[in-house]
Each structure stands twice: as structure tokens, then as C-alpha cells.
2 protein chains.
Amino acid sequence: MDRRMASGEDDLIARYFRPLATDPGAFGLVDDAALLNHTGDDLVVTTDAIVEGVHFLPDDPPDTIARKALRVNLSDLAAKGAVPAGFVLTLALRDAKEQWLAPFARALGEDAAAFGCPVLGGDTVSTPGPLMISITAFGRVPPGRMVRRTGAKPGDRIAVTGTIGDAALGLRVLKGQAGEGLDTPSREFLIQRYRVPQPRNALAVAIREHASAAMDVSDGLAGDLAKLCAASGISAAINLADVPLSEQARALVTKGSSSIESIVSGGDDYEVVCTVPENRWDSFLAAARLANVQVTGIGRVETGPAAPRFLDTAGKPVTLKRLSYSHF
Amino acid sequence: MDRRMASGEDDLIARYFRPLATDPGAFGLVDDAALLNHTGDDLVVTTDAIVEGVHFLPDDPPDTIARKALRVNLSDLAAKGAVPAGFVLTLALRDAKEQWLAPFARALGEDAAAFGCPVLGGDTVSTPGPLMISITAFGRVPPGRMVRRTGAKPGDRIAVTGTIGDAALGLRVLKGQAGEGLDTPSREFLIQRYRVPQPRNALAVAIREHASAAMDVSDGLAGDLAKLCAASGISAAINLADVPLSEQARALVTKGSSSIESIVSGGDDYEVVCTVPENRWDSFLAAARLANVQVTGIGRVETGPAAPRFLDTAGKPVTLKRLSYSHF
């Protein structure tokens, strides 16, 4: 955390972030750089930023913002089969308020410890604009073993972790666009799914051992799967009825407040979609059970290069109005 | 570059950034993550962000913004004795304009090639606020050989690369606060020193071989040296008359438009300050000559823990009004 770091900034870093920098490679945040020791592993590098008003709401609590900033990156590491090794963050702040920074740093430290992903360094800058947190996270894999988006083969099973659509519905609840008639715990559940993703790092080794391709679902299952298909040069058939929904999301679909089509293009899921060869499927499911991560088969890889098809219960293709979220 | 990456953003990345992603670890920017192969080296990690209106001016040319964003990070790698290995960037944009993105990406690619620091990945997000570029850069050093801020010993020589103060003067010229009476080439020289730092990566191996401590000078020589002293638990005596100035900066000091005191606390130099044991000094100078990097001795390390002293030509301490720039 070296840049623009004189008195005020030094104090801020010393007070809120130095206590988190327990990894020897962080050098207590008093050097220009951090160190990732040579261990013989390859290093997987991912970077994701979240922006106030775009990826989180201005009145989201600081602790959930911290967790989301780190977890969207942890989710990428999980999908790549990597074990977290640490992260650096850039924090662009309008001001440095104790009441915001203290719970932000505390939650960041808690998640760093819980996921074994220590803070290694960062940069704190002032901005007249929206709050932004950019994190670059590192994970280790044995040489050559990073799970790519390529590698899916016709006949492979397609699986997703957890449940799909909760976060996008939670955002709609927060915006007052959905959730009428839902009880308070259900509304809170969906909002929490939006604010605090549950990255599937517990499944990383199982993905590395069994998946032929994987990625995290962040912009909508439909669009992300289309990217995986394109990268692997294959297509896919997804049974919409098999897409795993929480009971809260199911209730909104049943009431007609949402649709399965909008759920699979919603975004912010931070689940993993992966393809698993048939002969690895049972082992993968067994490993997922051991890891205590819900995994659901939702379809099959087909020969490409057509875009993936989404089928209704009668096996008829459903046309999706949009596949995912775009910034531009 | 996986997050929020649907049509518009996909196109943007494919068009402007994929051509730069020539390193195999970048996977053509079509995966969730990049890969830094295991080579037996330690990885040095540094992250620095630049914000419109804070680190660069809104009407700075896009090509110089790109170069500055990368070079402020390269400068950290140089100071740590590391050889560049690649970088990831987060680009927060209000919009995606061809006329801005094309020269930005072209210059970024040119610098990436010139410094041997390939783009490995990144994230592109929309923001309603100021443009921001956050880069995390990686460098390799043999195990255990990163040059720290600690390690300076009493009696060590203190050296800086290049010339000090040009960038801060260039910013003042851009703001119309200095430069009256300077000819156009001199004004342009100073402005260019502000907009496009010259990181001293050519000196990285010499620093690693000979320096006992080093850091890059980004917030002002005085303040940064104070940090190095604090980290090493030592003090220092700097002869202000020995601080290397360009002829353009010298002219402004001679005219009374600037002072050596403001020059050593100006910031944005992106030079390296390092300490070198006396018995390594001649070898260090020889290595610097071979690397074609100007190096100047400006003082000596003393026993600590007092703050470094800045001495005038009579050897009397000069009091500096401020040591460096702070965001908060």
C-alpha cells in the first residue's frame, strides 16, 4: 500500500488493514510490494471490481460490500480448481470514515481468514466518484492443472452448484420490484444472496479432479454457459425444469412474479457451472457431498457450435430475451 | 475479463484488449482467470491505481494515461529487483468510446511489449464517476531475493535514479502555476515527465545485486525516504545540493519559481531511492552505467530512529513544510 500514502492514508492503512496483514508475504503492508513464495504450484490470477451503484447499492452495509468484493474473486478461484493464496485490493474512497471503514475491514478480515485467502497488499486512493473496490486474488494449482473453460466434450454432464436466480431476485426485492407477498425471512434470504455470495471454494479440488471445463456464474447462467460452450467449441441442452431453485425463488416463479427465463439470465449468482464426463459423474457427486456443496445436473454437452438450447418440460426450446448483463 | 461481460463488453475486450493478450497465460482473455506458470522464482506483487482528476488530468491524452497506469506499477517492480512477468487491469469507464479506447489500448500494448510485461487479464466495469485504472503487476525474483525497504545500515550510501521534481513541476506547468519564462521544449519536457514516468526496470538486477534496501519514489523523495528509514530503523542525512535536477527544473529553481524544498516533496517522480553498502558502491555505479540509468549519491544512512535530515550546502538542516502527498 505504497502509493499516495502519507499521514492520513498511512494512519488509515495502519489502523484498519495492517491488523489483517498476517501473512508473511504482506510484510505488514509497509513495503512497496507483496511476495508470493515459490511453492512449485502454478498461480491462478483473477481480478474483479465492484462499483457502488453498479454491483452494490449505495446503502448496502459496509460488511456485506467487503464480503462481496472478496467473494466474487474467490468464486473465480473455485471454478478454476485453485486453492486461495491471497489477494491485493484497491480501495477508491470519497472519504475515510471510521463508521464505514471499521466494519468493512473487520468483515474483510473475517472472510480472508474463513477462506484462507490473506490480504497481501493494496492501494488506497481518493475519488470524487462512486466507491469502488478492485480485488486481484491468487490461487494455487499443481502445474498445468487449472480448470479452463475449454475442455467440455459432447456427452459430458452439465452441473451447477447451489441455486440459481436468488441474487437477481434479491436485487429486485431491494429495488421494490419483486417480493410482494413474500414473508420477511424469504425477502431477507434473497437480499442476502445478492449482497453476500457463497463462493464454492469447498468444491475446488473436486472440480479440478473431475470437471472437463468450468467457470463461475456471475452474469447469468444462460450467458455464461454460452461463453463456456463457445470456448470449448461445443453446444449444450439444458432442461430448465432441472435448474435448481431455492424455495423462495420457486415461490416467486409459482406466483408469476418471476420466470425461469429471467432467472437463468439474472446474474450475481456466483455459483459454478461445470461439465463432467459421464464416467466421472458419480465420483464428482460423491466428492460434492463430502464437500457439503449442493450440485445439480441440468443438461448435457452436445456437438457444436450452436448456442446452448434451453428446453421446457416438453423438450421444446425456449427463446431467452437476453442472456446476461452487460456494462456497455 | 469475465465479469459483466456480455455483448458490448465482450466486443470491447475482443476489439481492444485481446490483441494485446499474446502471453499463453492470458488464454486470449476468454477464461475467468490467468495463469502464472511455476518457474521456481518468487512472485512479487504490486498494485497501484490511478484516478482521473487525482493522478492524471481529465484532458491528459489516453495514450499517456495508459502508460502511466502501467509504469507506476513497473516502477515498484524495478525497486524490488523484480523482472516483470505480466499484469492484470481493472478499467472503470463512464462509456466505451473508440476515440479514447483505441489509443489507450495501443499505448498499453506498446509499453507491455517494451517492458516485457504482458497483459494477462482484467475486468472492465462501468462507472458514473471518474475514470479509474487499477493495475496489479507481477515480477519474478529468485527465491528470497526481493529487495525490501528494510535492510539499510548506517554508513550505506543513498542513491536516487534519474532526476527528481520534474513531474511535480510538470503538473504545475499544466495547471498554469509554473513555467512562465520557460521555452516550449522545456515546458513539454516537464509535462511529459508528469504524464509518462520512466520506470527504472533496466536497473532492477543491479538493485537486487547491490542494494541493501530500495523503494520507488512516488509521493515525494522526502516522505518516501522517511518511510524507508522507518522500515529499516535507521536515519539518513541528505545533501540537498546533491539531489539530481534536470536542467529544466534547475532553471526554475534558479529563477525562484520553485525551491529544492518543494522539489523533494513533490511526488510523481517514479524514480528509485536505494541504499548501497560502501563496498558495493563502485560495482553498483558500474552496473548502472551498463544499464544506462543515471544514478546519483545524495547522502548517507545514519543510526536511527530520527527522521532523515535534509542539509543545505553549509551542512545545516532544512525544515520541510510537508514531506509528501496524501489522499486523506
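Kindly evaluate A:Ala307 against the criterion of being assigned to a helix (DSSP H, G or I) and not assigned by TED's automatic domain parsing to the domain that holds A:Ala49. When the stated conditions are applied, A:Ala307 does not pass them. State whether one or more residues within region B:91-107 are surrounded by fewer than 20 Cβ atoms within 10 Å (Cβ to Cβ), touching a strand residue (DSSP E or B) at 6+ places or on another chain (Cβ under 6 Å), more than 10 Å from chain A (Cβ to nearest Cβ) and at negative phi. For region B:91-107, residues surrounded by fewer than 20 Cβ atoms within 10 Å (Cβ to Cβ), touching a strand residue (DSSP E or B) at 6+ places or on another chain (Cβ under 6 Å), more than 10 Å from chain A (Cβ to nearest Cβ) and at negative phi: absent.
Against the conditions (1) more than 22 Å from B:Ala26 (Cα to Cα); (2) touching a strand residue (DSSP E or B) at 6+ places or on another chain (Cβ under 7 Å); (3) buried (at least 20 other Cβ atoms within 10 Å of the Cβ); (4) more than 9 Å from chain A (Cβ to nearest Cβ), B:Ala69 satisfies every one except (1). A Cβ distance below 9 Å, combined with a sequence gap of six or more or placement on separate chains, defines the contacts here; from region B:204-218, residues that are of a type in the set (Ser, Thr, Tyr) reach residues that are assigned to a helix (DSSP H, G or I) in the pairs B:Ser212/B:Ser232; B:Ser212/B:Arg280; B:Ser218/B:Val72; B:Ser218/B:Ser75; B:Ser218/B:Asp76; B:Ser218/B:Asp224. Put simply, of B:Ser232, B:Ser218 the only residue that is among the hydroxyl-bearing types (Ser, Thr, Tyr), under 14 Å from B:Asp269 (Cβ atoms) and within 14 Å of another protein chain (Cβ to nearest Cβ) is B:Ser218. Please determine, by comparing only the residues of region B:42-57 that are within 7 Å of chain A (Cβ to nearest Cβ) and either in a loop (DSSP other than H, G, I, E, B) or farther than 21 Å from A:Thr136 by Cα (or both), which one is modelled with the lowest pLDDT. Step by step, filter region B:42-57, then rank; the result is B:Val54. Do the conditions hold for B:Val318, that is, is it at pLDDT 95 or above and touching an Asp or Glu at 6+ places or on another chain (Cβ under 7 Å)? No.
I need the full set of residues from region A:244-280 which are under 19 Å from A:Arg208 (Cβ atoms), surrounded by fewer than 19 Cβ atoms within 10 Å (Cβ to Cβ) and among the β-branched types (Val, Ile, Thr), in order please. Of everything in region A:244-280, nothing turns out to be under 19 Å from A:Arg208 (Cβ atoms), surrounded by fewer than 19 Cβ atoms within 10 Å (Cβ to Cβ) and among the β-branched types (Val, Ile, Thr). Of note, A:Leu120 satisfies the criterion of being crowded, with 21+ Cβ neighbours inside 10 Å, outside the structural domain of A:Thr254 (by TED's automatic domain parsing) and of a type in the set (A, V, I, L, M, F, W, C). Of the residues examined, A:Ser283 is not one that is in contact (Cβ under 8 Å) with a residue 60 or more places away in the chain, over 25 Å from A:Ala167 (Cα atoms) and surrounded by 19 or more Cβ atoms within 10 Å (Cβ to Cβ).
In region B:95-144, of all residues being in a strand (DSSP E or B) and β-branched (Val, Ile, Thr), the one that is farthest from B:Leu20 (Cα to Cα) corresponds to B:Val141. If you go through region A:191-213 and pick out every residue that is surrounded by 23 or more Cβ atoms within 10 Å (Cβ to Cβ) and more than 22 Å from A:Glu110 (Cα to Cα), you end up with 5. Scanning region A:248-264 for residues that are more than 14 Å from A:Val160 (Cβ to Cβ) and in contact (Cβ under 8 Å) with a residue 24 or more places away in the chain yields A:Gln248, A:Ala251, A:Leu252, A:Lys255, A:Ser257, A:Ser258, A:Glu261, A:Ser262.
The values are calculated or read from the model by the stated rules, or taken from the named source; none is laboratory data. Note that the structure is a prediction, hence the values are computed from the model and not measured. Cβ sites come from the backbone with ideal geometry, for glycine too, and all protein chains shown count toward neighbours.
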